[in-house]
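Everything below concerns the one structure shown next.
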Amino acid sequence: MADDCLFCSVVAGEVPATRLREDDDTLVFADIDPQAPVHVLVIPKRHSRDIAELAADAADSAAVLRAVAAYVRDQGLTDYRVVFNTGAGVGQTVFHVHAHVLAGRPMTWPPG
């Protein structure tokens, strides 16, 4: 756990969040600024700064993908987008890796 990390504080229960799914390794919670009718964040409970750090941990990488798959399955979602932002220049504002899962509206390509 990183002392100054917002999402580590969410995992620890120090910051409130709408928890939607949780297991030993991951947490799924509602985004506080949703960009689609369904907009959740999927995080590993252990701190990794970004997707590059997450990729170095095969167990946590797999756990995040399993959590995404389980959440969308449980919600009956068949069309959804998963986004990882890496770096402030592309919109990462919390430097604890997180997957955005978005669904419930048409989405265009390319995003922007």
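The values are calculated or read from the model by the stated rules, or taken from the named source; none is laboratory data. What you are looking at is a predicted structure, and each value in this text was computed from that prediction instead of being measured. Every residue, glycine as well, gets a Cβ built from its backbone with ideal geometry; the counts of neighbours run over all protein chains shown.
Which count do you get for residues in the stretch 52-66 that are surrounded by 18 or more Cβ atoms within 10 Å (Cβ to Cβ) and among the hydrophobic types (A, V, I, L, M, F, W, C)? Of the residues in the stretch 52-66, 3 are surrounded by 18 or more Cβ atoms within 10 Å (Cβ to Cβ) and among the hydrophobic types (A, V, I, L, M, F, W, C).
Filtering the stretch 1-18 to residues that are at pLDDT 95 or above and either among the hydrophobic types (A, V, I, L, M, F, W, C) or not in a loop (DSSP other than H, G, I, E, B) (or both) leaves CYS5, LEU6, PHE7, CYS8, SER9, VAL10, VAL11, ALA12, VAL15, ALA17. Tell me yes or no: at least one residue of the stretch 20-27 is part of a loop (DSSP other than H, G, I, E, B) and surrounded by 18 or more Cβ atoms within 10 Å (Cβ to Cβ). Among the residues of the stretch 20-27, not one is part of a loop (DSSP other than H, G, I, E, B) and surrounded by 18 or more Cβ atoms within 10 Å (Cβ to Cβ), which makes the answer no. Only a single item in (1) assigned to a loop (DSSP other than H, G, I, E, B); (2) out of contact with any Lys or Arg (no Cβ under 8 Å at 6 or more places or on another chain); (3) closer than 22 Å to THR18 by Cα is not met by PRO106, and it is number (3).
Is it true that some residue in the stretch 50-61 is touching a residue at least 24 places away in the same chain (Cβ under 8 Å), touching a Pro at 6+ places or on another chain (Cβ under 9 Å), of a type in the set (Asp, Glu) and in a loop (DSSP other than H, G, I, E, B)? No, every residue in the stretch 50-61 fails to be touching a residue at least 24 places away in the same chain (Cβ under 8 Å), touching a Pro at 6+ places or on another chain (Cβ under 9 Å), of a type in the set (Asp, Glu) and in a loop (DSSP other than H, G, I, E, B).
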